[in-house]
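Questions regarding the structure given below will be posed in turn.
Readers should treat all values here as calculations from the given coordinates under stated rules, not as data from a laboratory. Treat the numbers as computed from the prediction; the structure is a model and nothing was measured. Methodologically, a virtual Cβ is constructed for each residue, glycine included, from the backbone with ideal geometry; neighbour enumeration extends over all protein chains shown.
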Amino acid sequence: MPIHDHGYARYQGTRTPPGRAWAVIAGAGIRGMLSARPFLFVLLFAWLQFFVRAVMLYLAANVPQADVIAPSPATFREFFDQQGFFVFVVAVYVGAGLLANDRRANALQIYLSKPLTRIEYIAGKLAVVMAFLAFVTWVPALLLLGLQAMFTGSLAFVREHAFLIPAITLFGFLQVLLASITMLALSSLSTSARYVGMLYAGAVIFSEAVFQTLRGVTGGTGLSWVSFGASLAQVGDVIFRVEPRYDTPWGVSLLAVGFVIALSAWVLARRVRGVEIVT
Amino acid sequence: MADSHAAPALGPAALRVFDLGLGQMLWSRRTVFMALVAGGPVLIAVLLRALASLPVFDGGAGQIAGRPVSLDGPDIFGLMIWTFYLRFTVPVLGVFYGTALIADEVEDRTVTYLFTRPVARGAVLAGKYLAYLVCTAVVVLPSVMLVYFLVVPLLGGDIGRNFPALLVDLGLIGAGLAVYGAVFGLVGAWFRRPLLTGLVFVFGWEPLVVVLPGYMKYLSVAYYLQGLAPHAMPQGDALSVIQALLTSVQTPLGTWANLLALAVIWAAALAAAMRVVERREYVLGQ
Amino acid sequence: MSRPVVVADRMSKWYGQVIGLNEVTVSIPPGISGLLGPNGAGKSTLLKLVTGQLKPSKGHVQVLGEPVWGNPGAYRRIGYCPDHDAFYERFTGREWLTALLGLSGFEGERAAGAAERALETVGLTTAADRKIGGYSKGMRQRIKLAQAIAHEPELLVLDEPLAGLDPIGRRRVIDVIKAWGRDGRSVVVSSHVLHEIELMTSNILLLHNGRILAEGNVHRIRELIDEHPHTVRITAEDPRRLARHLLGYPHVIAMQLQDGAVVAQTSQPDAFYAELTALAAGDEAGAVREVTSPDDNLQAVFSYLVEH
Amino acid sequence: MTMTTRTRYVLLGGAGVMAVGLAGGLVAWVSSRLPPLVAQERPDELRYVPPEATILSFANVREVMDSNLRRRLREIQPELDGQREFQERTGIDLERDIDYIVGGLVPDGPDDTRGIAILAGSFDADRLETLALEQGGAASDYRGRRLITIPDESVAMAFLEAGVIAIGSEPLIKRTIDLPFAEGGVDSNDSLMGLLRHVERGSTAWTIGRLDDPRGGGWLPDEVEAQVSQVAAFAAGARVNGGVSGTLTAEARDEETGRNLRDLLQGFLALARLQVGSRPELRGLLDSIQLTAAGTNVTLTFDLPSDAVLELLPDRSDADVAAAP
C-alpha cells in the first residue's frame, strides 16, 4: 500500500562514525563557554602573565643591561607555577558544572540513551576543561619559547634547551589532566555546580594546609606528597630539570599525582551511568 | 482578622527567618563539606596525638621519625590556627555559605515563601546571615577547642598558660566568620557568579595584596584578621616569607585599629547586602 | 466592596530581551477572578508583579489600594501560592506552616491555631506531622495552598493551584477557593484550562503573549470558544470501539485515531463531556483511561481574538 | 522555635564542647596564672638557710636540663668546655647529678653579706672529699657532719645529709649545721617567705628578697636608682620549658612609689618598643611583656617561646664557629 503522506523523511545525511561522538560534546561545551562574556575576561586575565613575560623576553633580547631577566628553563617552570591560580579559576569556572548540571537536569540518561558510550561522554567533557586549561598553560608557554627565538633572532636558546619543548608539553599535560579529571570527578558527585566548585577549592587548599602543618611540625618537606599542588610542583621541578623544591623523592610525588588521577577516573566510572541507582 | 497582626519589626523578623533557616542550613548538602573542613584539623590533631604515643615520635628527644622537632604543642597549635583556620576554614566557609545566603533559596525556589511575607527582605538576609553565623560557629569553634586540647599538651605544652591565646583565637575565628560572611553575603546578593568571585577574592586577591607594600592591603579582610592573631605567622611558602619581611619594616596596625577596621567592614558589608537584597529582583528559573 | 483589588496601569515587564508582560492595563474587581492563558502567556509574571516579587519595568500596579514592590507591610493582606514545586523538604507540614505564619506576625498559640485551621481546610490534618519530603504531589499542592490561606489574607493569589491534583483533591481545592469567595474575600487564580476556571468563577481575564486579550464574563468567552471546535484526546482500552460510539454524536465534528487514543473535535464541549462520562460509566465502549484537552482549543480562541 | 531535635542536638553538642573546653581551660589557666592562690612550694632544704637571710633563690636544675629549650640550646652549643672540666675535677655532672640548688644571701655586719648554696642531688662524697684534700683542704667533723674547709679560698663544704651539700663561708656553714638544733631555718622567716606568694607555682627558678638597704650598684641611671631604692621587696619566678616565661614583682615602700615605678617601667617599655625596629630579635620579648600594678605591687610578666630565646642569645653564630674544631 503506497504511503501518500509522509510525516517524516528518512535521514539521508552522513553519520559520525562511532567513537567520534565525544567531539560533539566537546565542541558544544567549548562553544557554550565561549559565549559567556565574563569567561572571556577570565581567559584574557589568564594571559596577562604571558604578555608581561613576553615584554621581559623582548627586553632581555634587545637591551644589554637587562641581562638579569634573561630566560632559563626556570623561567618556564615559574611561568607554569604562576599560572597555577588561573588553572584553578578556569577549572572551577569550566569544570564545576559540566557533569553537575547534566545530573541536575537528569540529562545523563538522555545523553547515554543516544549512540554514545560513557567513555565518549566523559572524554568529551574532559576535552572541554582540558582545552581551556591547555589554552592558559601549554599554549602560552610554547608561544613564549617561540617568542624568545623570534626576539633574539636565533635558535641558540631553544637548541641548547631542546628538552624544554617536551618538558612544557609533558608538564602542561600533567597539570591540565590532574586539574581536569579531579574537577570532573567532583562534578559527578553533586548536582550543584557551586557545591562542586567549593569541593574542589576545599580539596586543593585543605591538602595544602595539611602539608604546611606537617612541614611546620616536622621542620622538613618530606611529607609534601599529602598536597596535590606540592606533588605536582615537585614532579614539575624534575621535568624542567631544576632543583626539586621538596625533600620528597620525586617518584613518590609522581605516585601521589597518579593516585589522584586514578581515583578520579574510578569515581567517574562509577558515577557516570545512564541509570540512576536509588538506594 | 489579619489586620490585627502587626508585621514583625526587623529584629524579630530576622529572628524568625533565622529560626526557619538554621535547620535548613545545618542539614543542607553543605553540612558534609563543613564537617570535613572543621573535622580535618581535628583528625590531624588526633593523628599527631597518636604519633606522639608511637616510638617514631620520641617526645623526650624532641624528634619525629628521626627529625628534630623544633616546636612544642602551643607552637603546633598556632601553626594549625594559621594554616587551617585563618587561611582555610574561615574564608572558605565564609565564601561558601555567605554567597549562598540568598542564592540557595533562589536556586531551590523557596525564596518565594520568604519574599511574599510581610517581612522586609533585608530581615530575610539578616536572619539567614544569623543562621549562617550560628551554624558555622557551632561547628568550627568546637573544632578549634578540640584541636587545642589535643595538640597543646604535646611536647610539654601547658593548657593553662596558653588558654588566653585560645580565647583570642576563638574570638578571632568568630570575628573572621562574621566579617567574611557579611562580605560574601554582599557578593552573593550582588554578583551573578558569586562563588567564583568569592574564591578569587579569598585565594587570589587577599594573599596577594597583604604582601604588597602600600595601601592595597587595606582592601582585604585577611590583613586585619592576621594582625590580630596571637601566633607567629608560619614561614612556609614564599608569600608568607615576603609578608614577614615586610611586616618587620612596616608598622602594623594596633589591635584596636584592626578591630575597628573589621567592625566597619562587617557593618558596611551587611548593610549593603541588605540594601541590595531589598532592591534586587530575583527571577526564578523555570 | 466595588473597589478593585488589583489595578495595573500600562504595566510592562521584560526579562532582558524577553517580554513577559506588555503594557497591561487592567482592574480586577473583588471576588474570584480567573486568569486564563496558555503556558508562557505571562500569567505567572502578572501574579508575581501583583504579589510584589517583581518590580514592573514600566507602569504601575496597586494591590488593595497600595503599591506592592518593596512594601512588605502590604504582603500581610496577600496570600500567594506559587506554581513551582519547591519546599523545605525536611520540615513537617505543620512546622512549615507555623514558621511561615511566624513571618506573617502570628505567634505561639495563635500561629498553632491558624496552622491547624489551614491544615483542616485543605484536608491535611492527618499528614501534618509528616515531613513534606514524603508528601505526594497532591499533598504538596495542598500544603502550598494552606500556607497561602493560613494567615487569612484579604487577597489570595493562586498560580495554577489545580496542576497535578487528582479529581478529589481538585474538588477540594475548588471548594476552598469558592468558599473563600463566598466569605467576601478576593481570589485571583490562574490556569491554562478554561474548564477548571469555569468551575470557580465566571469572571475571567484572558492573557496571551503578555497582553490582556479579553476580560469579563466567562459566557462571552465560552461563546467565542464554542464557535471553534474543542479538541479532546481520550486514551481508551479500545479506541476504535470508542470512536464508533463518539461518531454518533451530532456535535462531534472530526475524529482521528492516534496511537491508542481518540482525538475528537466537538463544537459543544459541555455536552461532549457529559456524554463521554456516561459512556465511560457504561460498558459498551470499553474502559476510558485518560481524558485530556490540549491547549490547542484555547489557542484557537486566542488566535481568533488576536485576529478580530 | 521550629528547630528539629537533630538541630537542637547539634547546637547543644557544640555548646557543650565549648562549655567544657572553656571551663577546663579556665581552671587550668587559673591554677597556672594566679600565684597568690597557690604559691610556690618550698624545698625542705630551706631549713639550712639562716633565718636572717635577705635574698633567697631556688633553681630546679633538673627541670632546666630536661627542658625543650635546653635541648635546643644544646643543638647550637653542644657542650661548654667549663662543664667538662668541672665534671673531671669534682665528679659532679652538671647535667645529671644536681636536682636543685637553694641559695641565700645573709648579711654579715653592716656592709657585708655572705652567701650560701645548698645543692641537692646525687654526689660521690668520698670523691669530693679526696678532691678537696688534694686542693689543700682540711677535713674535720662538726656536730657529726663531715666539714671540709679550703683555707685559701675561705670556702667550706659540708655534707648535711645524704645527697645534700652546703657550700659557703666557714662560719655560715657551721651556723647552717647548727640551725636544726637551734632556732630553725629561713622557712620560719614569715616576712621573707611571704614573698613566695608572688611566685607562680611550679616555677623552675625563683628568687625573693627584702631590701632594707638598697644599693643600685651605680650602673643604673640615677632616676632608676632613685626608684629602685624605693623597692622594699621583690619576687621573681620563671618557668623553663619550650621557652621561658615568668613574673617579676616588686613591692614598693608605698603606693605613690608603686605608681611611679609602674609609670617608669611603662615609659621604658614604650621606649623599647619604639626602638625595637633595629633589634627585631627583641620584639618577641617586648611583645610578651605585660605590666600590671595593684597597690604597692608592680608586676611584670613575660613569655618567650624558644625561638625568641634563641634569638636573644648573643652571637649564636660565633658560638657555632667556636664550638667547631
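Provide the gained length on full extension for the span C:R110 to C:I168, in nm with one decimal, where the gain is 0.36 nm per separating residue minus the Cα-Cα distance. Working shown, then result.
On the way: separation 58, 0.36 × 58 = 20.88 nm, distance 2.99 nm.
Contour length minus Cα-Cα distance gives 17.9 nm.
Also: Please tell me the relative contact order of the range C:106-164 in percent, rounded to the nearest whole number, where contacts are Cα pairs under 8 Å and at least six residues apart. Spell out each step's value before the answer.
On the way: 33 pairs, mean separation 22.3, N = 59.
Once normalised by length, the contact order is 38 percent.
In addition: Would you compute, from DSSP H runs of 4+ residues alone, the mean residue ellipticity of chain C at 222 nm, taking -39500 (n - 2.57) per run and dividing by the full residue count, rounded to the nearest 500? Walk me through the intermediate numbers first.
Working: 11 runs with 117 residues, N = 308.
Estimated from H runs of four or more residues: -11500 deg cm²/dmol.
Separation between the B:V32 and D:S31 pseudo-spin-labels, each 7 Å from Cα along Cα→Cβ, expressed in nm?
4.3 nm
What average number of partner chain Cβ atoms lie no more than 10 Å from the Cβ of the residues making up B:77-89?
Across B:77-89, the average partner-chain Cβ count within 10 Å equals 4.
Among A:I261, A:W138, A:N101, whose Cα projects farthest towards the positive end of the dipole of chain A, with charges put on the beta-carbon of Lys, Arg (+1) and Asp, Glu (-1)?
About the Cα centre, the residue reaching furthest to the positive side is A:N101.
Next question, about the same structure. Sort the following peptides by mean Cβ neighbour count (other Cβ atoms within 10 Å, averaged over residues), highest first: C:149-157, A:146-154.
Values: C:149-157: 22.9, A:146-154: 15.6.
Highest mean packing first, the order is C:149-157, A:146-154.
What whole number of Å gives the distance from the Cα centroid of the range B:97-113 to the Cα centroid of the range C:76-126?
Centre-to-centre (Cα) distance: 20 Å.
Here's something else I'd like to know. With unit charges on the beta carbons (Lys and Arg positive, Asp and Glu negative) and the dipole taken about the Cα centre of chain A, which residue among A:T248, A:F50, A:G220 sits farthest to the positive side?
A:F50
Per-residue Cβ counts within 10 Å, from other chains only, averaged over C:173-184: what number is that? Each step should come with its number before you reach the end.
Numbers: counts 0, 0, 0, 0, 0, 0, 0, 0, 0, 0, 0, 0.
Going residue by residue through C:173-184 and averaging, the value is 0.
Between D:R273 and D:A23, how high is the FRET efficiency from 1/(1 + (r/R0)^6) when r is the Cβ-Cβ distance and R₀ = 35 Å? Nearest 0.05. Can you show the working numbers first?
Values: r = 35 Å, r/R0 = 1.01.
Once the sixth-power term is evaluated, E becomes 0.50.
Applying 1/(1 + (r/R0)^6) with R0 = 35 Å to the Cβ-Cβ distance of B:S53 and D:T301, what FRET efficiency is obtained, to the nearest 0.05?
On the way: r = 33 Å, r/R0 = 0.95.
Computed FRET efficiency for B:S53 and D:T301 comes out at 0.55.
Normalised by the number of residues in chain A, what is the relative contact order in percent for Cα pairs under 8 Å and 6+ residues apart?
Numbers: 314 pairs, mean separation 63.5, N = 279.
Contact order relative to length: 23 percent.
I've got another one for you. Can you compute the modelled spin-label distance between D:T130 and D:D93, with each label point 7 Å from Cα toward Cβ, in nm?
The answer from the label model is 1.8 nm.
Out of all DSSP beta bridges with both ends in chain C, state the antiparallel percent to the nearest 5. Don't skip to the end; give the middle numbers.
Values: 37 of 54 bridges.
Given both bridge residues lie in chain C, the antiparallel proportion sits at roughly 70 percent.
Treat each spin label as a single point 7 Å out from the Cα along the C-beta direction, and report the C:T277 to A:V242 distance in nm.
The two pseudo-label positions are separated by 8.3 nm.
Still on this model: For D:L147, which sequence-distant residues (separation of 5 or more, or a different chain) have an amide H within less than 5 Å of its own amide H, given hydrogens modelled in the peptide plane?
D:S140, D:D141, D:Y142
Note down the magnitude of the dipole of the range A:19-271 about its Cα centre, charges +1 on Lys and Arg C-beta and -1 on Asp and Glu C-beta and zero elsewhere, to the nearest 20 debye. Provide the component values of the computation, followed by the final result.
Values: 17 positive and 10 negative charges, 210 e Å.
In debye, rounded to 20, the range A:19-271 gives about 1000.
Using modelled backbone amide H atoms (1.01 Å from N, in-plane), which distant-in-sequence or interchain residues come within less than 5 Å of D:T113's amide H?
The list, which skips near neighbours in sequence, is D:D108.
With no solvent and one equal point scatterer placed on each C-alpha of the range A:19-271, evaluate the Debye formula and give log10 I(q)/I(0) for q = 0.07, 0.12, 0.15 Å⁻¹, two decimals.
These q points yield log10 I(q)/I(0) values of -0.27, -0.76, -1.10.
Determine the relative contact order of the range A:112-255: mean sequence separation of Cα pairs under 8 Å and six or more apart, normalised by residue count, in whole percent.
Details: 111 pairs, mean separation 24.2, N = 144.
Result for the range A:112-255 is 17 percent.
Along the charge dipole of the range A:52-160, which of A:F88, A:L116, A:T75 sits closest to the positive end, that is, farthest toward it, with unit charges on the beta carbon of Lys, Arg, Asp and Glu (+1, +1, -1, -1)?
So the residue furthest toward the plus end is A:L116.
Right, here's the next one. Hey, got the average number of other protein chain Cβ atoms within 10 angstrom for residues in C:84-90?
Values: counts 7, 1, 9, 4, 10, 4, 8.
Mean shielding by partner chains, rounded to a whole number: 6.
Turning to a different aspect of this structure: Please compare each pair in B:K128/C:K131; C:K137/C:K178; A:K114/C:K43; B:K128/C:K58; C:K48/C:K178; B:K128/C:K144 to a cut-off of 25 Å on the Cα-Cα distance and tell me which ones are over it.
Details: B:K128/C:K131 22 Å; C:K137/C:K178 22 Å; A:K114/C:K43 36 Å; B:K128/C:K58 31 Å; C:K48/C:K178 22 Å; B:K128/C:K144 22 Å.
Over 25 Å Cα-Cα: A:K114/C:K43; B:K128/C:K58.
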